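Trainee: The structure that follows is given in the form of structure tokens.
The values are calculated or read from the model by the stated rules, or taken from the named source; none is laboratory data. Since this is a predicted model, take the numbers as computed values, not measurements. With ideal geometry, Cβ positions are generated from the backbone for all residues, glycine too; neighbour counts draw on all protein chains shown. These area figures cover heavy atoms from the full protein model, side chains too; ligands, DNA and RNA do not enter into them. Shrake-Rupley method; radii C 1.70, N 1.55, O 1.52, S 1.80 Å.
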Amino acid sequence: MAMSDVLSAEDIKKAVGAFSAAESFNYKKFFEMVGLKKKSPEDVKKVFHILDKDRSGFIEEEELKFVLKGFTPDGRDLSDKETKALLAAGDKDGDGKIGADEFATLVAES
């Protein structure tokens, strides 16, 4: 499944483009711009599974670094600072990774 099967390709392009500058990533604005906030819980879970590249059931810090590339191949890598901030926002139980429920909560809070 591709991200464009769940979200509009145009929204993805606009959202990723809005955060193309280093240190500019804001997950709340990004999830809203990409249209994820308006999606059903099922669609949010589909996006989670696309971002969970190693299919571990979690999005680990290494996968978060490439979160924009998960939406479109020409997205940039997040900086270490941006990656750690996103992990801190999403990791509610402190295990160092984001599970499907934590991801759904992160999107809902944005």
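Trainee: Answer yes or no as to whether LYS45 is in a helix (DSSP H, G or I) and touching a residue at least 24 places away in the same chain (Cβ under 8 Å). Lay out the reasoning, then the answer.
Mentor: On the way: in a helix (DSSP H, G or I): yes; touching a residue at least 24 places away in the same chain (Cβ under 8 Å): yes.
So LYS45 fits the description; yes.
Trainee: On to the next question. Which of the residues belonging to region 9-29 are part of a loop (DSSP other than H, G, I, E, B), surrounded by 15 or more Cβ atoms within 10 Å (Cβ to Cβ) and free of Cβ contacts under 8 Å to residues at least 40 places away in the same chain?
Mentor: In the first step, residues of region 9-29 are kept if they are part of a loop (DSSP other than H, G, I, E, B); the result is 19-26.
Among the residues that remain, those that are also surrounded by 15 or more Cβ atoms within 10 Å (Cβ to Cβ) are: 19, 25-26.
Of everything in region 9-29, just one residue is part of a loop (DSSP other than H, G, I, E, B), surrounded by 15 or more Cβ atoms within 10 Å (Cβ to Cβ) and free of Cβ contacts under 8 Å to residues at least 40 places away in the same chain, namely ASN26.
Trainee: Please determine, by comparing only the residues of region 30-71 that are charged (D, E, K, R) and in contact with a strand residue (DSSP E or B) (Cβ under 6 Å, 6 or more places away or on another chain), which one is surrounded by the most Cβ atoms within 10 Å (Cβ to Cβ). Before the answer, list the steps.
Mentor: Here is the first cut: in region 30-71, the ones charged (D, E, K, R) are 32, 37-39, 42-43, 45-46, 52-55, 60-63, 65, 69.
So of that shortlist, the ones also in contact with a strand residue (DSSP E or B) (Cβ under 6 Å, 6 or more places away or on another chain) come out as 52, 60.
Values: ASP52: 20, GLU60: 17.
Checked region 30-71; the qualifying residue surrounded by the most Cβ atoms within 10 Å (Cβ to Cβ) is ASP52.
Trainee: How many residues are within 13 Å of LEU68 (Cα to Cα) and among the hydroxyl-bearing types (Ser, Thr, Tyr) if we restrict to region 5-51?
Mentor: Number of matching residues: 3.
Trainee: Right, here's the next one. Kindly indicate whether ASP74 is open to solvent by 80 Å² or more (accessible area, probe 1.4 Å), modelled with pLDDT of 95 or more and farther than 17 Å from LEU106 by Cα.
Mentor: Working: open to solvent by 80 Å² or more (accessible area, probe 1.4 Å): yes; modelled with pLDDT of 95 or more: no; farther than 17 Å from LEU106 by Cα: yes.
It is false that ASP74 is open to solvent by 80 Å² or more (accessible area, probe 1.4 Å), modelled with pLDDT of 95 or more and farther than 17 Å from LEU106 by Cα.
Trainee: Would you confirm whether or not region 89-99 contains a residue that is acidic (Asp, Glu), over 17 Å from MET1 (Cβ atoms) and touching a strand residue (DSSP E or B) at 6+ places or on another chain (Cβ under 7 Å)? Step through it out loud before you land on a result.
Mentor: Residues of region 89-99 that are acidic (Asp, Glu), as a first pass: 91, 93, 95.
Cutting the leftovers down to over 17 Å from MET1 (Cβ atoms) gives us 91, 93, 95.
Now restrict to residues that are touching a strand residue (DSSP E or B) at 6+ places or on another chain (Cβ under 7 Å): 91.
Yes, some residue in region 89-99 is acidic (Asp, Glu), over 17 Å from MET1 (Cβ atoms) and touching a strand residue (DSSP E or B) at 6+ places or on another chain (Cβ under 7 Å).
Trainee: Looking only at region 30-42, count how many residues are in contact (Cβ under 8 Å) with a residue 12 or more places away in the chain and either touching a helix residue (DSSP H, G or I) at 6+ places or on another chain (Cβ under 7 Å) or among the polar types (S, T, N, Q) (or both). Step through it out loud before you land on a result.
Mentor: Of the residues in region 30-42, the ones in contact (Cβ under 8 Å) with a residue 12 or more places away in the chain are 30-37, 39, 41.
Within this subset, residues satisfying the condition of being either touching a helix residue (DSSP H, G or I) at 6+ places or on another chain (Cβ under 7 Å) or among the polar types (S, T, N, Q) (or both) are 30-31, 33-37, 41.
So the count comes out to 8.
Trainee: Could I ask something else about it? Going residue by residue through region 77-95, is there one that turns out to be surrounded by 20 or more Cβ atoms within 10 Å (Cβ to Cβ), charged (D, E, K, R) and touching a residue at least 40 places away in the same chain (Cβ under 8 Å)?
Mentor: Within region 77-95 (the criterion being surrounded by 20 or more Cβ atoms within 10 Å (Cβ to Cβ), charged (D, E, K, R) and touching a residue at least 40 places away in the same chain (Cβ under 8 Å)), the answer is yes, since at least one residue qualifies.
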